[in-house]
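K.L.:
Pasting a structure here, questions to come.
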Amino acid sequence: MPTVVLMDASLSMTRPVSLEQCSEELQRKNLAVAGLTMLFEHMANNYRLEFTSLVAFSSLWELLVPFTRDYNTLQEALNNLEDYDKTCLESALHGVSNVVQQEWGHACPTQLQMTDTMHNLEQLLQLNGGDGQIFTMEGQLCLKSVQMFTQIMLIDLYPDFPAVLRCGNLASDVQVFPRPEPVFLDEEIDPMPRHILTDLEIVGFIEIGDISSPPVMSRHLVLPIAVNKEVDDVGPGTTEEPEEETSANQQAGKVPNFCVLLHGSLKVEGMVALVQLGPEWYGMLYSQADSKKKSNLMMSLFEPGPEPLPWLGKVSQLGPISDAAENPYGEDDSKSPFPLQPKIKRSYAQNVTVWIKASGLQTDVQKILRNARKLPEKTQTFYKELNRLRKAALAFGFWELLKGVAELLERECTLLPDTAHPDAAFQLSHAAKQLKLASTGDSQYAAFDQNINPMHTDFSGGGAGM
Amino acid sequence: MKMFSVSHKTAFVVDHCPYMAESCRQQVECDVLTKSRGQGMIPLAPVSKSLWTCAVECSMEYCRILYDVYPLKKLINYIVSDSEFHILNSWRQEDQSTHELMSALAAVGPPNPQEDPECCSVLHGLVAAVESLCKITEYQHEARTTLMDTADRVANRGRIICLTNAKSDTHVRMLEDCVQETILEQNKMAAGSDRLMPIQQCELVLVHIFPQGEDTLVSDRPKKEVSSLLTSEVHSVRAGRHLATKLNILVQQHFDLASTTITNIPMKEEQHANTSANYDVELLHHRDAHLEFFKSGDLHMAGSTSRDSGLKETVTLKWCTPRTNSVELHYCTGAYRISPTDVNSRPSSCLTNFLLNGRSVLLEQPRKSGSKVISHMLSSHGGEIFLHVLNSTRSTLEDPPSISEGCGGRVTDYRITDFGEFMRENRLTPVPESPDTEASGKPPAERAKAQLERYTRYWPMIISQTTIFNMQAVVPLANLIVKESLSEEDLLTCQKTVYNLVDMERKNDPLPISTVGSRGKGPKRDEQYRIMWNELETLVKTHVAGSERHQRVLDCIIACRSKPPEEEERKKRGRKREDKEDKAEKSINKDSEDKSWQESERLKGVVERVKEEQGESEVIKDSPDSPEPLNKKPRLEEIQLPEKAKGPVSLLTMWTNRITVANSRKHQEFAGRISSVNNKAELYQHLKDENGMDLHENGKATR
């Protein structure tokens, strides 16, 4: 989640801090800078992938540093901050909104850090649907308390998400970045936020073609971490020396890690691993490559629920292929059990009849007439189209249409050329008669599930029989 | 997001009174005469739909769109009202289809104009609709059962859409009052019942339909609150296409739908097959597919146009002709089912058929700046078409570190291919829900996890950590031992694998022991076998708790690896020579392994010549009784092996072997020599076969 640091650069920030315990003379601005320096240091050490931007505001606002991972640039801009006139939060927030949307689009939640003390911040939170937090300094304003305060805030806002990725007995300690946010389902029935488990268990594997670009709530890098490394290096004070760290990293690079194996095989095979994130909550692991041929293990979170993707069905009903009597992928991988077909076809897949526009009705009638002129060759299509029209007319209570089409067929019968096959006349008058009977609504002839069948004719005997 | 919002239950009440049989006075010319045929013919009089037909077909269109976009959990109860009410279906999911409804409607038929209008009223239907809304749906029931003590969180709301021909505004008010009273009455009854729920919120949507050319007697009225339980709105609409438009707008409002028009679809002309024109197709879907546009305020920039009554808006997206059919995993933030507005028009059906045949289409959002942004994708999954929303903004995960930079990133000999094979074996498949599977305990996904657990009890991640998984000879056992249960046949295969390994050891075949990290020659041959047997034991031991047959595989290994005396003796003699042979053989072995072993540069020439003749047969060996692998050259091997067992393979020996092999191809080998072990052929061996395999004797398998 990108961070926007909104720094008050108005004159009010140059007020001196009342000095009782502190020896130096400090402005509020100096304290804010000190706090932010800590923040940037922490990010540089622990949240290297986080994007942060710096916006300064007074009555106007200015984007000092666009979203970046370069914390030196941020620090530099912070150090060179100038003083301006008065505080005007509203315009600043407009500015932030612009900056965020241009860069990330709407779907991206953003951390907003503000450095100032203000009483109307609480109202602001309410406007944001209560989504947010206000940290206020406690006690005396001085360098020490600013450091303590920043420390507390960092722990709260930028916690790690250490987890274990498991595939049976194979496992790896991982860092999930960015930290997955809790999710609310139906607030009425299920008002509790859902958090993903720190034990991420693989259920099985699916081909990329079968999972088929599924919708996801969020994406996260899954970075393997060395187990023996100290976990609680939250503050900048506890971070290791850079040199030591690199040597430790080099060491860790040489120890086989399950994530690397999994990533390699997922990439080669073009598959994803289905992973359980919680009760009735799943996600997928896959190899994500960027344009520079670098690739990494990525985890996408599906929407919580027993059936996140209709084409996979219920995830709890996905079992090992060894349970199936016959390999559903075929011996040569030529088949797939996916996607699942819905029980009822959608309207666009089942040749429905809609006559809302006159053209729909005309097309259907013309189709029947076109086939009528090609009898007996087109007998099957003729009756298929006739029955489709008959069913719709009966359902819509459109008996007038049945009578009309019957008359059209009778007319076609009289227009048959001498060369026409004798069967054509029989079929036309038979169809016309059946339609007329149906148009009376007589249950014997107007049953919806009944069809008009072609008349059986016997020309060898010279006559027609039913 | 509320599961049981007003749109969970929709009751349609359609007036079936005699006045609905009146014509809508919009004529349809269905006899389109062509010029050549039309001469002298009197065309058929145009047909005209009744108010009833208009109401039914428009309500069916509402249902069609609803079922396309929400095949589940949005339920319709269809009620027809004349002198009494007729309920055409129930809330049950299996009753929810247009086919079911059409069938029931056909049974009802059009209104009977001869019926006494005094007895007929839409009120019967409205009362039935309220009663019906009190009835619990299977989803409400399920939610209440699972929530138990917090069952009161399950809400009961609903909507009544009434299609009627009202007489006046007063008549409308009377209908509203009646619904309000019925709700109060029914709620009292529902309070004391298990299968009924009181209505917490009801939306009444009255649609007054009147014929073309008439003035309406009822005025439009926006939604107003009748009581805390009931809201009501009135739409006064002309029958025919106005009604269709109105219900199309209503279904969008009621179910949070939005419209997208796909533009620039290239399509072959029906008449002129070699020309192609561009068409537009309008689709309806959940409005969240446009969320990005709404939030960014880009809606108008995205090409939205107002149409018809000005209420309907559509976002235009441009078709991008798909180039490849490659399988790609797009970053997709949402997927929404679609329904074409004009389902059986030719452009619509061309588009939907194209998608149903498995092609995907990327859609481009036109921007004023002229830049191209692919924002959506149309794709079908199992006969259902979805509009996928693709992420088109900057990702916060851009430029991540490569996995090779992190933990384990420097290791180069991961068993990538083997793990790929493992993944294929652990692919998932849908298991039909049946009482049987429930009875057997574990749900399929748990069984899948249990299988992963079994398959990974012993799974070294890198090539240099394992010997047995680099040996083709171990494959049959390794594949079987992870199974939940072994058949008698499986057990036999495992035992044969073990005997084969014994045979290899007796013949002193080289093993693909890793020399990575160790300088010099690596372990001695007998040490290599000890490592191999230990590893095999480790693998099998993790599975002995599985079944008695798993235990028997382990028993077999333990019994077999105790060295037969003959071999012990041979080893003592052979030890001195082994040192010399080691270097040469190791490289042969490496090469034959078909793994990414580094070839020893110095011996490369020798190796390549030898590989041709004996390479493949070195490691892949089955027990004598198992069928021959396809690529095996049995005669070749049988002749070589006695030679090899004797000791070091010098260049001369290899050359001699080569000549011998070449010569042996020219004549039929003596049967006794083929089946000989150490150049000794056993006589009367068929007697042994009949007594079952006597396998432990001398550690030899007999043929």
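K.L.:
Can you give me the long-range amide H partners of A:Ser213? Hydrogens built in the peptide plane at 1.01 Å from N, cutoff under 5 Å, separation of 5 or more residues or another chain.
P.N.:
Here the answer is B:His330, since their amide H atoms fall under 5 Å of that of A:Ser213.
K.L.:
Give me a single rounded figure for B:330-337: the average over its residues of other chain Cβ atoms within 10 Å of their Cβ.
P.N.:
Working: counts 4, 7, 6, 7, 5, 8, 1, 3.
For this peptide, the per-residue mean of nearby foreign Cβ atoms is 5.
K.L.:
For an R0 of 51 angstrom, estimate the FRET efficiency from the Cβ-Cβ distance between B:Glu433 and A:Gln444 and round to the nearest 0.05.
P.N.:
On the way: r = 42 Å, r/R0 = 0.82.
Taking R0 as 51 Å, the efficiency between B:Glu433 and A:Gln444 is 0.75.
K.L.:
So what are region B:101-219's ellipsoid semi-axes, whole angstrom, largest first, if each one is the square root of 5 times an eigenvalue of the alpha-carbon gyration tensor? Don't jump to the answer; show the numbers that get you there.
P.N.:
Details: eigenvalues 218, 58, 34 Å².
With the √(5λ) rule applied to region B:101-219, the semi-axes are 33, 17, 13 Å.
K.L.:
Go through A:Lys357/A:Lys378; A:Lys433/B:Lys49; A:Lys384/B:Lys2 and tell me which ones have a Cα-Cα distance over 32 Å in this structure. Walk me through the numbers before you get to the answer.
P.N.:
Details: A:Lys357/A:Lys378 27 Å; A:Lys433/B:Lys49 22 Å; A:Lys384/B:Lys2 44 Å.
Listed pairs above 32 Å: A:Lys384/B:Lys2.
K.L.:
Another one. If you wrap a convex hull around the alpha carbons of region B:80-146, what volume per residue comes out, as a whole number of Å³? Before the final figure, lay out the partial values.
P.N.:
Details: hull volume 5.1 nm³, N = 67.
Looking at region B:80-146, the number lands at 76 Å³ per residue.
K.L.:
B:Asp288 to A:Lys433: FRET efficiency via 1/(1 + (r/R0)^6), r the Cβ-Cβ distance, R0 60 Å, to the nearest 0.05?
P.N.:
0.70
K.L.:
List the residues, sorted by chain then number, that are 5 or more residues from B:His388 or on another chain and whose placed amide H is less than 5 Å from its amide H.
P.N.:
B:Tyr336, B:Met377, B:Leu378, B:Ser379
K.L.:
Only counting other Cβ atoms within 10 Å, I'd like A:Glu331, B:Glu682, A:Glu201, A:Glu50 sorted with the fewest neighbours first.
P.N.:
On the way: A:Glu331 8, B:Glu682 14, A:Glu201 18, A:Glu50 21.
Ascending Cβ contact count within 10 Å gives the list A:Glu331, B:Glu682, A:Glu201, A:Glu50.
K.L.:
Still on this structure, please answer the following. Roughly speaking, what is the stretch gain from B:Thr321 to B:Gln114, that is 0.36 nm per residue apart minus the C-alpha to C-alpha distance, in nm to one decimal?
P.N.:
On the way: separation 207, 0.36 × 207 = 74.52 nm, distance 5.77 nm.
Net length gain for the segment: 68.8 nm.
K.L.:
OK, next. Name the residues whose placed amide hydrogens come within less than 5 Å of the amide hydrogen of A:Gly319, ignoring near sequence neighbours (fewer than 5 apart) on the same chain.
P.N.:
It is B:Thr429, B:Val431, by chain and number.
K.L.:
For B:Asp413 and B:Asp399 in one chain, what is 0.36 nm times their gap in residues minus the Cα-Cα distance, to one decimal in nm?
P.N.:
Working: separation 14, 0.36 × 14 = 5.04 nm, distance 2.60 nm.
So the extension gain works out to 2.4 nm.
K.L.:
Report the normalised scattering of region B:325-388 as log10 I(q)/I(0) at q = 0.14, 0.18, 0.24 Å⁻¹, calculated by the Debye formula with identical scatterers on the alpha carbons.
P.N.:
Cα-only, vacuum Debye calculation for region B:325-388: -0.46, -0.73, -1.10.
K.L.:
Further question on the same structure: If you take the square roots of the eigenvalues of the alpha-carbon gyration tensor of region A:265-329 and sort them as a ≥ b ≥ c, do you get rounded (a/c under 1.5), prolate (a/b over b/c) or oblate? Walk me through the intermediate numbers first.
P.N.:
Values: a/c = 2.82, a/b = 1.38, b/c = 2.04.
Oblate, because a/c is 1.5 or more while a/b does not exceed b/c.
K.L.:
In Å, what is the Rg of the alpha-carbon atoms in region B:344-441, and how long is Dmax?
P.N.:
22.1, 62
K.L.:
At 7 Å along Cα-to-Cβ for each site, give me the label-to-label distance between A:His94 and A:Thr381 in nm.
P.N.:
6.5
K.L.:
What FRET efficiency do you get for B:Gln253 and A:Asp290 if R0 is 41 Å and r is their Cβ-Cβ distance, rounded to the nearest 0.05?
P.N.:
Using R0 = 41 Å, I get an efficiency of 0.45.
K.L.:
Then there is this: Taking the number of other C-beta atoms within 10 Å as the exposure measure, put B:Asp490, A:Asp70, B:Asp152 in order starting with the fewest. Mind showing how you got there, number by number?
P.N.:
Numbers: B:Asp490 19, A:Asp70 12, B:Asp152 8.
The fewest-first ordering by Cβ neighbours comes to B:Asp152, A:Asp70, B:Asp490.
Where a number appears in this text, it was derived from the coordinates with a stated rule and is not lab data. Predicted model only: the values in this text are computed from it and were never measured. All Cβ positions, glycine included, derive from the backbone under ideal geometry; neighbour counts span all protein chains shown.
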